[in-house]
Amino acid sequence: MALAYRAYQSTVCPQCGTRHEDWDHGGPDTTEDAYVAVLQRCVGCQVIADKQEEAAQDSGGDLNGMKIALVPYAVHAAREVERELMEHGRGARRRGRDNET
């Protein structure tokens, strides 16, 4: 079964997900195409594109090596709390060293 699935996957376009056989090729036994192209907005892709534009402006257009990813809000919030705690801890350690002198 795995080999059959692999063979089937090799006939699927990696970009659009259709197969050559899915389309009307003008033969005598033609049926309508199995797909219709429609416009569909992906909010995630829109948010990424907006962030890319913002980052390009902020960096003067240098985005070499930059990746923009969607991170769940709860994960982002936890990272922010962790960052703040780390900064707070560094400040407390610095103040402790300053008081020792």
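Applying the criterion of being of a type in the set (S, T, N, Q) and at pLDDT below 90 to the residues of region 19-49, the residue that is farthest from residue 71 (Cα to Cα) is 30. Annotation note: of 57, 52, the sole residue that is loosely packed, with under 10 Cβ neighbours inside 10 Å and of a type in the set (S, T, N, Q) is 57.
Taking the condition in a loop (DSSP other than H, G, I, E, B), within 27 Å of residue 8 (Cα to Cα) and modelled with pLDDT under 90, does residue 62 pass? In short, no.
The values are calculated or read from the model by the stated rules, or taken from the named source; none is laboratory data. Treat the numbers as computed from the prediction; the structure is a model and nothing was measured. When we count neighbours, we look across all protein chains shown, and the Cβ atoms used for this are built from the backbone with ideal geometry, even at glycine.
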